[in-house]
Amino acid sequence: MNIRTVRKKIKSVGNVKKITKAMQMVSAIKMKKSQAEAIESAPYRTHLANIIYKAMSSVDSGYSPLIENKKAKDRSLYIIISSNKGLCGSFNFNLFKYLNKNIDFKNNDFITYGKKASSFIAKMGGKIISDFSDQSVAVVVSPIFSECLARFLAGDYQKVMIVYNKFISTLKSETVETVLLPSAINEIKQDIKETPSEYLIEPNAKDIVDAVLRSLVEEKIRGALIESQASEHSFRMMAMKNATDNATDVIYNLTLLRNRIRQEKITYELLDMITAKESVESN
């Protein structure tokens with residue numbers, strides 16, 4: 001390998017480093033924004049859920065079809081949230097590993113948000129009834145909620161679940177599966193009975209319970225999308241940081257190689273000069 005080749009490689013890696021550095025900075029800005037949104041919105045969902053679940057201890061399951069749907073078929077609907085783009089480390093890999101291990105693709109249907117998820121499920125032979133990958137998080141919540149709610153109320157599915165990467169920290173996320181409809185409400189309702197609380201619901205429970213539960217399910221979908229987005233930007237920022245660091249190491253090693261080759265060239269030229277000089281003097 002000559003110096004010219006090494007210089008070209010250094011230049012190429014340097015260009016890659018500039019790109020990854022720029023992507024790292026962009027991802028860092030998006031990461032901070034999405035993390036703040038995820039952290040700030042979490043208390044609202046938590047308190048809303050606690051209030052509803054405590055109030056449910058005195059509410060009959062017949063007040064809302066969201067609590068119990070006896071006419072449902074023995075089939076489940078999964079809402080899968082992934083990223084639209086790659087270059088985000090193991091973000092999508094962790095999600096797909098969980099899906100492959102825990103979900104039957106043949107006997108369940110799917111709603112996807114994220115081109116990576118729709119592509120993976122299609123390859124696994126799953127049936128995608130709706131794909132919202134081309135819409136932004138700000139506008140996609142209501143369409144997803146309306147789609148899954150209509151199909152659940154129609155009795156097409158026994159359960160509606162959502163699977164996504166939950167944001168924990170910049171360096172960590174966890175793939176979670178949450179039941180949206182209907183069994184999660186029943187399970188927590190049973191837990192609340194151990195410490196019953198009485199609430200006065202006006203005008204009456206039957207008029208407001210269904211509407212409030214719909215709001216809760218919609219907020220869970222919104223929260224999952226926000227947390228998945230925060231996790232995605234965190235993983236992408238770390239992936240670009242690692243790529244930038246690796247490019248720096250490659251440039252450093254190539255620079256050492258270039259200097260060694262140049263030193264060897266200089267040494268050989270000096271040896272040729274000395275040899276020529278000695279040859280002249282000996283004559």
- Query: Most exposed first by the Cβ proxy, i.e. fewest other Cβ within 10 Å, how do Leu213, Leu225 rank?
  - Reply: Leu213, Leu225
- Item | Bins of 5 Å, starting at 0 and running to the largest distance - Cα pair percent for the stretch 204-283 | 3, 11, 7, 8, 7, 6, 7, 5, 6, 5, 5, 5, 4, 4, 4, 3, 3, 2, 2, 2, 1, 1, 0, 0
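Applying 1/(1 + (r/R0)^6) with R0 = 51 Å to the Cβ-Cβ distance of Ile39 and Arg262, what FRET efficiency is obtained, to the nearest 0.05? Walk me through the numbers on the way to the answer.
Values: r = 53 Å, r/R0 = 1.03.
It comes to 0.45.
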- Can you tell me the equivalent ellipsoid semi-axes for the chain? Use √(5λ) from the Cα gyration tensor, largest first, whole Å. 61, 19, 14
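For an R0 of 41 angstrom, estimate the FRET efficiency from the Cβ-Cβ distance between Asn242 and Arg75 and round to the nearest 0.05. Please list the in-between numbers first.
Numbers: r = 41 Å, r/R0 = 1.01.
That gives a FRET efficiency of 0.50.
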- Item | Nonlocal amide H pairs with Lys166, under 5 Å, H built at 1.01 Å | Glu174, Thr175, Val176
- Query: Span-like helices, the chain: DSSP H, alpha-carbon axial extent 18 Å or more, mean Kyte-Doolittle -1.0 or greater, which ones?
  - Reply: 3-55, 137-153, 205-282
- Enumerate the aspartates and glutamates that Lys172 could reach by cross-link, defined here as Cα to Cα under 18 Å, with residues fewer than 8 away along the same chain left out. Glu37, Glu227, Glu232
- Message: Pick from Thr255, Thr112, Thr244 the residue whose mean-square fluctuation is largest in a GNM of the chain, springs joining Cα atoms under 10 Å.
- Response: Thr255
- Task: Kindly provide the helix-only [θ] at 222 nm of the chain, computed as the sum of -39,500 (n - 2.57) over DSSP H runs of four or more divided by all residues, to the nearest 500 deg cm²/dmol?
- Result: -23000 deg cm²/dmol
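Taking 0.36 nm per residue of separation and subtracting the Cα-Cα distance, what length does fully extending Glu174 through Glu281 add? Write down the numbers at each step before the final one.
Numbers: separation 107, 0.36 × 107 = 38.52 nm, distance 7.82 nm.
Going from the current span to full extension adds 30.7 nm.
Quick note: the coordinates plus some simple rules give every number you see, no bench work behind them. The shown structure was predicted, so the numbers you read here are calculated from the model rather than taken from an experiment. Positions of Cβ are generated from backbone atoms using ideal geometry, with glycine treated the same way; all protein chains shown enter the neighbour counts.
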